[in-house]
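See below for the structure under consideration.
The values are calculated or read from the model by the stated rules, or taken from the named source; none is laboratory data. In this text the structure is predicted, and so the values were computed from the model without any measurement. Cβ coordinates were reconstructed from backbone atoms using ideal geometry, including for glycine residues, and neighbour counts include every protein chain displayed.
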Amino acid sequence: MFLSATVLSLVPRPPVLVGRVRLRGRGPGRIVGVAGRGCRPRRRYVRPGRSEVDPDAALARALRSVAGDASLSVAVSDTASGATAVHGSGSYDTASIVKVGILATLLLRAQDAGRGLGVSERTLAEAMIVHSDNASATALWNAIGSAPGFDAGVRRLGLTRTRGGSNGEWGLTRTTARDQLTLLRAVFGSDSELDAASRGCLTALMGRVVPGQAWGVSAAGHSWALKNGWLPRGDAARWTVHSVGRVTSGSSTRLIAVLSAGHTTLPAGIAVTEAAARAAVTATGGTG
């Protein structure tokens, strides 16, 4: 059948899609699959009554005035909606946040052997996470096979840009905010190589960090489970300061990883991590 140009102009055209687009209802908003390059859809979060937003751009705007002269990378995910945003892709020395990965690897090895942690292992794990005891971390680092054992463990949990420190220097393990968010999902989410008992162990210890070390992402909520890291680096003694964990603010729970370096003092670094955590909550629709 022949259709005139006038008639054809009135026929609605189907949308042109690159790749597959999926709409999934989640929580109060929805995740929208948006066609991207190479047939790989990008995921964006749409809050009710609002137009579609780019979460990475929203996070970048929220962090614009936070870092000052320091280097900063942040990754955040809302556990209910799935909304995720990442700012920065740099790699950092872990300092003591590596202790979460050390314990996760130890727990994986215990699972593989069909056993729980022994009394000595539990004692060392508690000291390492709750008090950030370095001697305990060294003992467990050696127990998991140092850097090669650590790397194998975190790879099982989905980390791709994290490498254990050489020569026993576990605090100089390198990682990214995105990888730390992946680790937090393995610790606090059910879709994990870690079984329920292992996740419960990590969650309980991270929720008992001593008050003097309970700064950082905890500033963004009223309930938290976290691990922080801090380390003076370089001739100018600039500080590397990180905070990673799960935070509940109001009725929403988020996983947040804040990595930063180049601070003149430790208190300055702590202030930046806390401001960044609050900004991350705000950028993903909460009140930080």
Q: Please determine, by comparing only the residues of the stretch 92-120 that are over 30 Å from Gly234 (Cβ atoms) and basic (Lys, Arg), which one is surrounded by the most Cβ atoms within 10 Å (Cβ to Cβ).
A: Arg109
Q: Could you tell me whether Gly38 is assigned by TED's automatic domain parsing to the domain that holds Thr264 and either modelled with pLDDT under 90 or part of a loop (DSSP other than H, G, I, E, B) (or both)?
A: no
Q. Only one residue in Ala220, Ala261 is at pLDDT 95 or above and farther than 22 Å from Leu172 by Cβ, so which one is that?
A. Ala220
Q: State which residue is nearest to the chain's Cα centre (by Cα) when the search covers only the stretch 41-53 and only residues that are at pLDDT 50 or above and exposed (fewer than 14 other Cβ atoms within 10 Å of the Cβ).
A: Glu52
(Q) Checking Arg64 against (1) under 19 Å from Gly216 (Cα atoms); (2) in contact (Cβ under 8 Å) with a residue 60 or more places away in the chain: exactly one of these is not met. Which one? (A) (2)
Q | Qualifying residue in the stretch 143-159 (condition: among the charged types (D, E, K, R) and either touching a strand residue (DSSP E or B) at 6+ places or on another chain (Cβ under 9 Å) or buried (at least 18 other Cβ atoms within 10 Å of the Cβ) (or both)) | A | yes
Q | Search result, residues across the stretch 157-182 that are touching a helix residue (DSSP H, G or I) at 6+ places or on another chain (Cβ under 6 Å) and under 24 Å from Ala80 (Cα atoms) | A | Leu157, Gly158, Leu159
Q: Taking the residues in the stretch 205-220 that are within 17 Å of the chain's Cα centre (by Cα) and more than 19 Å from Val187 (Cα to Cα) as candidates, determine which candidate is surrounded by the most Cβ atoms within 10 Å (Cβ to Cβ).
A: Ala220
